[in-house]
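Please read the structure below before turning to the comments.
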Amino acid sequence: MPNTLKSVAKQVVIDEKIRDLVFALNALGVTTTGSCEGHIDHRNALAPWIKITPTKSSREAVQIRKKIQELLNTFYKNRRVSSDIRIKTTNANVGFWLHNGGKYFSAWRREVNERTYRISLSKKIQRKNNLSARERARRKERLAIYQKEIILFSAFLKKLAEQVKFEYLLSRVATSDEFDK
């Protein structure tokens, strides 16, 4: 890991099961502004996610989202997974989300939006977090599947980055006259 990423990692806590994907996206020049590996004990926060908020313009957001969608299309070219496991992008008020989790992600976003609205009205927020042991076990199993997909996509991006770096180095050697001396 480059020193700059190490220094960022010391300053910001990034959940372990999403960290490699955050670092891979950052290495590709994609600005991430939040992430979560998913949790079974939060009412609707089961799905892993990364928030991507380009810093320059909405045009940049469209370009980055298109680039990520192309990477996802390549990743899923020969892979078949259910729609709730499949990683996708979703619009945000600013930027976009990269996530899987299907209905769990949608439920979490609805809950966050509702909480934000209630806070804006100065209303009290009630937290419900009384999951049965059976539901907790089911969520634990589901979360592991979602996280595995995130880890596989991270590995795919890392391998792709290594190939690009290798091809770049080869092109530098091919154009260099140092070896002719």
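Here, each number is a calculation from the coordinates, and none is a lab measurement. Remember, predicted model here, so these are calculated numbers, not experimental data. Cβ sites come from the backbone with ideal geometry, for glycine too, and all protein chains shown count toward neighbours.
Pull out the extension gain between VAL94 and ALA133, defined as 0.36 nm times the separation in residues minus the alpha carbon to alpha carbon distance; nm, one decimal.
Details: separation 39, 0.36 × 39 = 14.04 nm, distance 3.72 nm.
Residue separation times 0.36 nm, minus the Cα-Cα distance, leaves 10.3 nm.
Count the net charge of all other residues whose Cβ sits under 13 Å from the Cβ of CYS36, scoring Lys and Arg as +1 and Asp and Glu as -1. Let's see the in-between values first.
Details: positive: LYS17, ARG19, LYS51, ARG109; negative: ASP15, GLU16, GLU37, ASP41.
That works out to 0.
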